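**Student:** Can you read through this structure? Questions will come right after.
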Amino acid sequence: MKIKVLFADDHAVFHECVKALFSPEENIQVIATASDGRTAVRLARELKPDVIVMDLSMPVLNGIDATRQIIAENSAAKVLALSSHKDRKTILSALKAGARGYVVKDAAIAELLQAIEAVGSGRMYLSSHIIDQVIDSLLVGDEDPAREASPLDRLSAREREILQLLAEGRNAREVAKMLSVSPKTIESHRHNIMQKLGVESSSDLIRLAIREGLTTL
């Protein structure tokens with residue numbers, strides 16, 4: 001039986017490449033693609049793929065928060081993170097969000113196939129490029145004084161989602177329409193977010209969101 005895969009990545013060229021590369025595969029079937037995190041969450045809910053390959057840097061809702069939402073809705077969902085980031089902070093954030101594997105984007109296609117098959121069969125998979133990072137984290141532990149918590153940890157999932165949408169250049173009315181709430185609710189959230197993060201202007205808020213990797217713009 002083929003492993004049904006949902007690919008989430010914001011580059012249209014990547015979608016076309018994926019379809020071309022995976023079409024000859026006997027064990028893997030790409031059943032859908034998503035270009036942003038919210039669409040990935042919706043398709044994961046509707047299609048129930050065996051594996052969701054999740055790019056971490058996506059518009060509207062980033063891959064880490066999308067992973068959190070997917071796992072919250074279905075704890076049995078299998079997410080494989082796909083990212084160009086090799087830093088410890090991003091890797092651990094993805095794994096803590098619920099990803100069962102992590103592959104770097106410069107990996108060979110054979111490794112991506114291997115990772116999908118591993119995660120699809122219920123095993124963990126980590127690119128060889130990042131294994132040392134994960135082992136180091138396990139040895140040092142979360143009590144490492146050198147590890148700085150992200151200020152975004154102070155925000156709820158909804159607040160992170162709103163902050164990303166605002167940081168991508170949308171106004172309160174546009175965000176309100178996307179989330180089916182009133183602009184006044186979004187403004188209230190914005191005020192609370194700024195208080196929690198200790199910033200005094202919208203420009204500072206956007207800079208913080210970019211610095212913490214919530215959006216790349």
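The values are calculated or read from the model by the stated rules, or taken from the named source; none is laboratory data. It should be emphasised that the depicted structure is a prediction, and the values quoted were computed from it without experimental measurement. Neighbour counts run over all protein chains shown; Cβ positions are idealised from the backbone, glycine included.
**Student:** Of the residues in the range 39-84, how many are of a type in the set (S, T, N, Q), under 17 Å from Arg160 (Cα atoms) and without any contact (Cβ under 8 Å) to a residue 40 or more places away in the chain?
**Tutor:** Count: 2.
**Student:** Another question about this same structure. Does Arg123 qualify as being among the basic types (Lys, Arg), surrounded by fewer than 22 Cβ atoms within 10 Å (Cβ to Cβ) and not in a helix (DSSP H, G or I)?
**Tutor:** In short, yes.
**Student:** Further question on the same structure: Does Arg45 qualify as being under 23 Å from Thr215 (Cβ atoms) and basic (Lys, Arg)?
**Tutor:** Criteria not met by Arg45.
**Student:** Is it the case that some residue within the range 87-94 is touching a Ser or Thr at 6+ places or on another chain (Cβ under 9 Å), over 23 Å from Leu197 (Cβ atoms) and modelled with pLDDT under 95?
**Tutor:** Yes: the range 87-94 contains one or more residues that are touching a Ser or Thr at 6+ places or on another chain (Cβ under 9 Å), over 23 Å from Leu197 (Cβ atoms) and modelled with pLDDT under 95.
**Student:** If you scan the range 117-135, which residues turn out to be of a type in the set (Val, Ile, Thr) and touching a residue at least 24 places away in the same chain (Cβ under 8 Å)?
**Tutor:** Scanning the range 117-135 gives Val119, Ile130, Val134.
**Student:** Grab the helices (runs of 4 or more DSSP H) fully contained in the range 161-217, keeping just those with 3 or more residues being in contact with a Pro (Cβ under 8 Å, 6 or more places away or on another chain) and without any contact (Cβ under 8 Å) to a residue 40 or more places away in the chain.
**Tutor:** Counting at least 3 such residues, we get 172-179.
**Student:** Examine the range 7-19 for a residue that is closer than 26 Å to Asp153 by Cβ and surrounded by fewer than 24 Cβ atoms within 10 Å (Cβ to Cβ), and state whether such a residue exists.
**Tutor:** yes
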